[in-house]
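Okay, structure first, notes after.
The values are calculated or read from the model by the stated rules, or taken from the named source; none is laboratory data. In this text the structure is predicted, and so the values were computed from the model without any measurement. Cβ placement follows ideal geometry from the backbone for every residue including glycine, while neighbour counts extend to all protein chains displayed.
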Amino acid sequence: MTERATAAPHDTSPANAESPVVTVLTEATTGESAMLRATARSLVEQTLQAWSWVIVSVTPLDPPIADQRVRMVDATTRAAAMAAAFEESDGHIALVEAGVLIEPTTLEKWTWFLHTHSDAPGVLGTRDADDPRAPRLLTREAVVRAGGIDAAYARLRSGTLERIPYTGWPPVHGAYAIEPEPRRLPVTAPNAWIQEDCPCKNHHEAAGPRLLLITPWMTLGGADKFNLDLLPRLRASGWEITVATTLSGDHALLPEYAAHTPDLFPLSHFLELVDYPRFLTYLIESRSPDVVLVSNSELGYRLLPYLRSRCPEAAYVDFCHSEAEHWINGGYPRLSVEYQEVLDLTVTASAHLRNWMIARGGDGERIHVCYANVDAEAIRPDPEVRVRVREELQLATDKPVILFVGRVSDDKQPDVLAETMLSLHERGAPFQLVLAGDGPDLQKLRGFFDEHKLADRVRLLGAVEHDRLGEIYAAADIVFLPSRSEGIALVLYEAMAAAIPVVAARVGGQAELVTAETGILVPRGTVAEEVEWYADAIAPLLADAGLRERMGRAARSRIEQSFQIGRLGERMEELLELATQMRQGDPRPVLGLGVGRAFATEAIELTRGNILFHAAWGGAVNAGGEAPARARSYLFLQRVGGPAYRWAVAHGAPGLPALRDGLRRRLMGF
């Protein structure tokens, strides 16, 4: 048996490499050199740098890469090679076959999962868990208990290992496919103690400025579209970007985020809620971001005092899109005002929102405006596309099309939308409605149109990918958005870029974009009043193609002159630089470590309660508005039996945590 380490010019190992916490084990044979080189490339790209790679074979092979972390082990038999590999390993054992490619954050997420789940014997890369080539990570303890790597591999079948989405698979590197959330929800025991130990430091050398973006999820919406417009422009200027999400839920846009950065961490995929604070601290210490940017994350705001107490070197910035009076009396801008003493700078999507925040105690010198803007080259009028899409949607060529784009939920007032269409129909106005969007009120809207014999005038498209949406705009004549609240709706930017007049609510900062020459803004009122006002605004546009054309040209011209997407990156870079200057020249106070930890504990407890509440009710309520019976039973047991349970655990009663978890899974579904 022989061992050969690699050392050569152009060594790919990092200069500050730590002792390995993961050893990747690969069996190889003659003729697999190209496959080994492919796996090597995916290992070099791993965000966890503290790994070693042991390649075992019964025939001598050349090292696939020049890296001090790689060791070649030759042995006369496979059993001897595997035994030698384990002896040479450090930390946990990752089984990765030659030619298998693992995604860049795989080893880091796997390591953190095992570090925070001490009873887990290993973790599995998705998607096809039954594929024997699917990579997996086994704890060193599990291998020792089983009596060797082969025995551990045989014992720990896929059904016994946690699956972490977007790690270790698919076999085509970078080709992300949508993967489901884990079944479990990341809840923890009440008032759980926040731990602060980490599996390693994993310091990354920066080649340029760095940004850590904290956002709730990666899903279709105005906030995520803004993020996806911003990230490539910062990347083009040399910024390195890390994204962490704080909510369990839909991450359908993860592949789009991955096009701009591999450093993506949906925390609910691999951590319990109580571990979020220490992992975010670890990310800041590991990546050393110049700026931590919070965007629409309630937990992100509530953890700011903790993060600043641990990592005061970064500048902390938030971006606010719009106020929401119906949620915590102001929404995210309310949180921004409340947490302004730990924020170096706040960026708003409109001057209206800046003024709203100042009126409620915000520091105007630290609140600046950056409009979302739009790519006027990607969305533009196109007569050929217009004809094609109208044919595909079976739309009449002689009737104007009203387009609604957005989530079909209470914020967009679908009842006002529906009643306005009915009013126009009763007036005899010629129109067709195309609705692009999904949401909880879509079926109710469908029922309304069926009941009032309007279904033949309506095309309900459901959720539409953004690339397709650009084509849908080309087929439209009017964009209608009767929102209850907005900052400046991204839909309006896009509609105006497509040379379409808009009819929308006079809310938020929308008057900063829409002028009398480009559209019509309607004030808020009762449902009946708004329906009448919207119908009065839309009817003349339906009747006059020349008016629509003039307003559309003016709308396109306004976008081209004042709201081009290139300005977004320039403006945000200016503001991020200003934030770093203010952190250095006029720093915010830093809380003590204990007070910071207290803030984090309260933030986690509040979030835990919200998760349990929504899981218990989950939208599945009976006619009386009550939660499902099983959920009510669990909450009753938790309330009544909680003190006795905690006393018994404190006095060493065995098996109670497992019993609690079993009851929770049975009654609550997680």
> Restricting the search to region 343-399, which residues are of a type in the set (Asp, Glu) and either touching a residue at least 40 places away in the same chain (Cβ under 8 Å) or not in a helix (DSSP H, G or I) (or both)?
Replying inline: Asp344, Asp363, Asp375, Glu377, Asp382, Asp398
> Residue check: is Leu578 outside the structural domain of Glu419 (by TED's automatic domain parsing) and at pLDDT 95 or above?
Replying inline: yes
> Counting only residues that are modelled with pLDDT of 85 or more and in a strand (DSSP E or B), which one in region 1-33 is surrounded by the fewest Cβ atoms within 10 Å (Cβ to Cβ)?
Replying inline: Glu27
> Can Asp467 be described as free of Cβ contacts under 8 Å to residues at least 40 places away in the same chain, surrounded by fewer than 21 Cβ atoms within 10 Å (Cβ to Cβ) and among the acidic types (Asp, Glu)?
Replying inline: yes
> Out of all the residues in region 472-508, which are surrounded by fewer than 18 Cβ atoms within 10 Å (Cβ to Cβ) and modelled with pLDDT under 95?
Replying inline: Arg484
> Only one of these conditions is not met by Lys109: (1) closer than 21 Å to Ile149 by Cβ; (2) crowded, with 22+ Cβ neighbours inside 10 Å. Which number is it?
Replying inline: (1)
>> Suppose we filter Ala429, Ala418 for residues that are buried (at least 18 other Cβ atoms within 10 Å of the Cβ) and assigned to a helix (DSSP H, G or I); which single one remains?
In response: Ala418
> Hey, does region 164-176 have a residue that's at pLDDT 70 or above and farther than 30 Å from Gly238 by Cα?
Replying inline: yes
> Taking region 34-66 as the region of interest, how many residues are of a type outside the set (S, T, N, Q) and assigned to a loop (DSSP other than H, G, I, E, B)?
Replying inline: 11
> Are there any pairs, at least 6 apart or on different chains, whose C-beta atoms fall under 8 Å, with the first in region 46-68 and assigned by TED's automatic domain parsing to the domain that holds Ile102 and the second small (Gly, Ala, Ser) and in a strand (DSSP E or B), and if so, which?
Replying inline: Trp51/Ala94; Gln68/Ala5
> Which is in contact (Cβ under 8 Å) with a residue 24 or more places away in the chain and under 30 Å from Thr281 (Cβ atoms), of Glu103, Glu88?
Replying inline: Glu103
>> I'd like to check something: does region 518-537 contain any residue that is in a strand (DSSP E or B), surrounded by fewer than 16 Cβ atoms within 10 Å (Cβ to Cβ) and assigned by TED's automatic domain parsing to the domain that holds Arg553?
In response: no
> Any idea how many residues of region 350-372 are under 17 Å from Gly566 (Cβ atoms) and either in contact with a Cys (Cβ under 8 Å, 6 or more places away or on another chain) or crowded, with 23+ Cβ neighbours inside 10 Å (or both)?
Replying inline: 1
>> For a quick check of your reading: which helices (runs of 4 or more DSSP H) sit entirely within region 223-302 and have at least 1 residues that are of a type in the set (S, T, N, Q)?
In response: 276-287
> Taking region 545-569 on its own, how many of its residues are under 23 Å from Lys225 (Cα atoms) and free of Cβ contacts under 8 Å to residues at least 60 places away in the same chain?
Replying inline: 3
> Counting just the residues of region 226-257 that are farther than 13 Å from Gly569 by Cβ and touching a strand residue (DSSP E or B) at 6+ places or on another chain (Cβ under 6 Å), which one comes out modelled with the lowest pLDDT?
Replying inline: His251
> Do the conditions hold for Ile500, that is, is it outside any strand (DSSP E or B) and touching a Gly at 6+ places or on another chain (Cβ under 6 Å)?
Replying inline: yes
> Somewhere in region 201-213, is a residue outside the structural domain of Ala315 (by TED's automatic domain parsing) and more than 23 Å from Arg583 (Cα to Cα)?
Replying inline: yes
> Taking into account only those residues within region 177-201 that are over 16 Å from Leu247 (Cα atoms) and within 23 Å of the chain's Cα centre (by Cα), which is modelled with the lowest pLDDT?
Replying inline: Ala177
> Which numbered condition trips up Ala615, out of (1) modelled with pLDDT of 65 or more; (2) surrounded by 18 or more Cβ atoms within 10 Å (Cβ to Cβ)?
Replying inline: (1)
> Is there any pair linking a residue in region 490-506 that is at positive phi to one that is not acidic (Asp, Glu), with Cβ under 7 Å and at least six apart or on different chains, and which?
Replying inline: Ala499/Pro381; Ala499/Gly552; Ala499/Arg553; Ala499/Ala555; Ala499/Arg556
> Would you say Thr245 is among the polar types (S, T, N, Q) and surrounded by fewer than 21 Cβ atoms within 10 Å (Cβ to Cβ)?
Replying inline: no
> Is it the case that Val434 is β-branched (Val, Ile, Thr) and not assigned by TED's automatic domain parsing to the domain that holds Tyr316?
Replying inline: yes
